[in-house]
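Asks: Sharing a structure, written as structure tokens. Questions coming.
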Amino acid sequence: MELISINIESDQSFLHIKLTTEKDVELFWKIDDFTAENLKALTMLGEHHKYRLSFYSSWDSTKNQYISYLTRTFLDQSEKIYFACSEAYVKGLKAIKTDEVNSQILIPPITNSLPIEPKKKKHKKSLQSFAWVCLVFMSVLTIALVANSLLSMAEMNENSKELKKNKTQEIEIPIASLKGKTDSFQKTSIPEQESVIPLVELSENVNFRIQEGNVALTFDDGPSKFTKEITDILKEHDVGGTFFFIGKNVEKHHDSIQYVKSNGYSIGSHSMHHHNFTNLSVEQQEYELLHTNKLIENITQEKITLFRPPYGSKNEITIELMDKTNTKMVLWNADTEDWKSQNANEIVNYVVNSKTSGSIILLHESQAVTEALPRIIEHLKNQGLHIVSLN
């Protein structure tokens, strides 16, 4: 069973596989996000290697986890790579092996029915004809796109020349208005105005609080449909904020992550699947942290150096991982428990009745938090506090 590609969509993940028995049949296998992410982290599809999925699986009682493996081959070299998988994946393996598949497990990549046998030669010829039509169409489209691109580049070069001429906006101001002595004119430049987000550098490996006079608003469990709205509220009030994103949500909200980054707010990892780290092995903790970092860094093009463990759970393995990866763990000393109440008034009341100077306040991305946030910011400003991002 050859693995051709891994497709992780917003509502369903698929493996594109080729089953080889008497004939080759290509299909999509519906699988869970956990197994799909684990496979994606271990493979470099599209390179020179080939990957074949094994029908083998077992239960690892020490890690409390199902295990399977794939074989990576290149020329005459091969290597077994073991990975953690779900119970659903194991059941799917068994169904495929015993030919008991159904539409809940396998679907064909193009047609709506499950092909048991490959089509006749006549169908193959029609596919070949269709392929030639597609090839001709794509060739014409490519030529058109290249021509359009060249025209666009020429226009960009002309615009670039004009921008260089006008890069600094110059206004003639009478010196008399400045010195009151002459009607001569002098050119002066108007500097660009930038909004500077207050920032606090963390010095400890594990951080529960920050310096007095400052307060940090932190938002867990994104990216989500609320990420952009929260960012806009922070930006509107010229205050800092720090977002801790879960890896499994990253694929669904690329644009939200880029939006946070482009507006200058801090981003950290909140693990891949929100597991309790004290229940994970060294390898599992490393995967949960590093794979999430990689997904985010591919979007932001900046190294992720902040981490918040789910539930605040950590052990010696987690602390050593912070040292090993030069990462700062960000915990909190003010928990609004917003996930319990989902009530904006209760969230605001918690902050109002707390000692907020030097606090790292824990919030989650939700409708209740977006409703409470403007009032929280107003209260903190009235206390004379700097609302900062963390770094």
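The values are calculated or read from the model by the stated rules, or taken from the named source; none is laboratory data. In this text the structure is predicted, and so the values were computed from the model without any measurement. Cβ placement follows ideal geometry from the backbone for every residue including glycine, while neighbour counts extend to all protein chains displayed. To get the accessible areas, we keep the full protein, side chains included, count just its heavy atoms, and leave off ligands, DNA and RNA. Shrake-Rupley method; radii C 1.70, N 1.55, O 1.52, S 1.80 Å.
Asks: Scan region 351-367 for residues that are crowded, with 18+ Cβ neighbours inside 10 Å and farther than 16 Å from residue 384 by Cβ and jot them down.
Replies: Result: 360, 361, 362, 363, 364, 365, 366.
Asks: On the given criteria, is residue 315 touching a helix residue (DSSP H, G or I) at 6+ places or on another chain (Cβ under 9 Å) and over 15 Å from residue 214 (Cα atoms)?
Replies: When the stated conditions are applied, residue 315 passes them.
Asks: Applying the selection to region 255-286, what residues are among the aromatic types (Phe, Trp, Tyr) and touching a residue at least 40 places away in the same chain (Cβ under 8 Å)?
Replies: Correct list: 265, 277.
Asks: Of everything in region 266-286 that's more than 12 Å from residue 299 (Cβ to Cβ) and in contact with a strand residue (DSSP E or B) (Cβ under 6 Å, 6 or more places away or on another chain), which residue is surrounded by the most Cβ atoms within 10 Å (Cβ to Cβ)?
Replies: It comes out as 269.
Asks: Looking at region 355-366, can you tell me whether even one residue there is in contact with an Asp or Glu (Cβ under 9 Å, 6 or more places away or on another chain), among the β-branched types (Val, Ile, Thr) and closer than 22 Å to residue 198 by Cβ?
Replies: Yes, region 355-366 has at least one match.
Asks: Just name the residue that is most open to solvent (accessible area, probe 1.4 Å) out of those in region 1-26 that are more than 20 Å from the chain's Cα centre (by Cα) and farther than 23 Å from residue 82 by Cα.
Replies: 22
Asks: So, in region 65-78, how many residues would count as being at pLDDT below 80 and either under 21 Å from residue 281 (Cα atoms) or of a type outside the set (A, V, I, L, M, F, W, C) (or both)?
Replies: 3
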